[in-house]
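Following: one structure in structure tokens, then a few remarks.
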Amino acid sequence: TLAALGLNLSSGSSSSAGSSSYTSNLNLLARLVYAEARGEPYIGQVAVAAVVLNRVASSSFPNTISGVIYQSGAFDVVSDGQIHLSPDAQDALNGWDPTGGCLYYYNPAKTTSSWIWSRTVLTVIGKHNFAI
């Protein structure tokens, strides 16, 4: 399960190396959540993290947290540098998914992509629509 989520804890790794990988993934996910959803309700922040983890588990996306986050064009906060701001994503890593499995999210007041409007919205949390 950890490997499917991009938490590469190979059997040949020491627990220190595994802990380092987990910490790196947690930090990266937390920075993305903070950059994308700061100011949103806590449940909305966890939902953004859950979308990343849902993508990791989907065969349509890269199979690591960093692969999903750094996928070209996936997150504006990567290209505009907000990913480097400071952050919390522990609940999503613990399995809480308030989106029900969504793969996408967007703020309808700010999105400029016409494509995203074609996605089926399953839930709205704060200012974000969560879609499949």
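The values are calculated or read from the model by the stated rules, or taken from the named source; none is laboratory data. Keep in mind the model is a prediction, meaning the values are calculated, not measured. We place every Cβ from the backbone using ideal geometry, glycine too, and count neighbours over all the protein chains shown. In case anyone asks, the SASA skips ligands and DNA or RNA and just uses the protein heavy atoms, side chains included. Shrake-Rupley method; radii C 1.70, N 1.55, O 1.52, S 1.80 Å.
Answer yes or no as to whether Ala74 is part of a helix (DSSP H, G or I), among the small types (Gly, Ala, Ser) and surrounded by 15 or more Cβ atoms within 10 Å (Cβ to Cβ).
Numbers: part of a helix (DSSP H, G or I): no; among the small types (Gly, Ala, Ser): yes; surrounded by 15 or more Cβ atoms within 10 Å (Cβ to Cβ): yes.
Against the criterion (part of a helix (DSSP H, G or I), among the small types (Gly, Ala, Ser) and surrounded by 15 or more Cβ atoms within 10 Å (Cβ to Cβ)), Ala74 does not qualify.
If the condition is being part of a helix (DSSP H, G or I), under 16 Å from Ser86 (Cβ atoms) and open to solvent by 30 Å² or more (accessible area, probe 1.4 Å), then the range 29-70 contributes Arg31, Tyr34, Glu36, Gln45.
Only residues that are under 15 Å from Ala74 (Cα atoms), open to solvent by less than 90 Å² (accessible area, probe 1.4 Å) and outside any loop (DSSP other than H, G, I, E, B) were counted in the range 84-132, giving 6.
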